[in-house]
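Below is one structure, written out as structure tokens, with a few remarks after it.
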Amino acid sequence: MFTFGKKMNFWPLSLSLGLSVFIGLAFCLLFNFVAPNLILWSLLPAVLFFILMVAVYYPLILQYGYNYYEISQDQIKYYDFSNYWQKVMMVFKGPASPMKAVPMSSIKSAKRYGKEDLTQLPALAADFVFIGLFAGKMATIKNAYGIELELDNGDKLHISTAREKADHHDQGIEKTHEALHLIKHNIAMGQFA
């Protein structure tokens, strides 16, 4: 069995809650001497920031940070990012987020997409703490690479192996080739059956 990407966890929810509490405390200190209703003036920005993170930010970038795939002899399991509401719920469900499965028998063709060369991030990206937090997502976006599957119903599924390519270039590419070989072998065996 091959696995690619990162499994969903509670980091998005924890980060959203932590930053919201920090913003609430900052507003509490800021308006301490001028606001008669201190709790409202500190709670409102915290709640708005939490909603912004959970309902806007993470649904836009979730598929770049948590694009986990399991490829076995029988099926391919992955997180389904096709629905906006599903992405929002994944932030709250964390590791309990449901995975969708595609049986190997429903795959019509498979091919590799992207380039094998590695696009490096600017050297300053690792130096800035704020940019460093998102360096993994930026590396995944800049190094688009993986396997494109065409299913019997005409749909296309992209298995991103960009994280492995960016983190461990040679091993990531080799692992992608091996997974593609397994998929093509199963397609060929299905045609003879």
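Just so you know, all these numbers are worked out from the coordinates, no wet-lab data involved. For clarity, every value in this text was computed on a predicted model and none was experimentally measured. All Cβ positions, glycine included, derive from the backbone under ideal geometry; neighbour counts span all protein chains shown.
Around Ile147, with a cut-off of 15 angstrom between Cβ atoms, what is the net charge of the other residues, counting Lys and Arg +1 and Asp and Glu -1? Don't jump to the answer; show the numbers that get you there.
On the way: positive: Lys77, Lys108, Lys111, Arg112, Lys115, Lys156, Arg163, Lys165, Lys175, Lys184; negative: Glu70, Glu116, Glu148, Glu150, Asp155, Glu164, Glu174, Glu178.
Neighbour charge sum, excluding Ile147 itself: +2.
Which log10 I(q)/I(0) values does the stretch 141-190 give at q = 0.15, 0.30, 0.33 Å⁻¹ under the Debye formula, counting every alpha carbon as one identical point scatterer?
Those come out to -0.44, -1.10, -1.18, one per q.
How far apart, in nanometres, would the label points at Ser109 and Met89 be if each is projected 7 angstrom from Cα along the Cα-to-Cβ direction?
Going from the Ser109 label point to the Met89 one covers 3.4 nm.
Based on the Cα atoms of the stretch 1-54, what semi-axes does the equivalent ellipsoid have, where each is the square root of 5 times one gyration tensor eigenvalue, given in whole Å with the largest first? Don't skip to the end; give the middle numbers.
Working: eigenvalues 240, 14, 6 Å².
Semi-axis lengths for the stretch 1-54 are 35, 8, 6 Å.
Give me the base-10 log of I(q)/I(0) for the stretch 55-114 at each q in 0.13, 0.17, 0.29 Å⁻¹, Debye formula, one uniform scatterer per Cα, rounded to two decimals.
The Debye formula, applied to the Cα set alone, gives -0.41, -0.65, -1.23.
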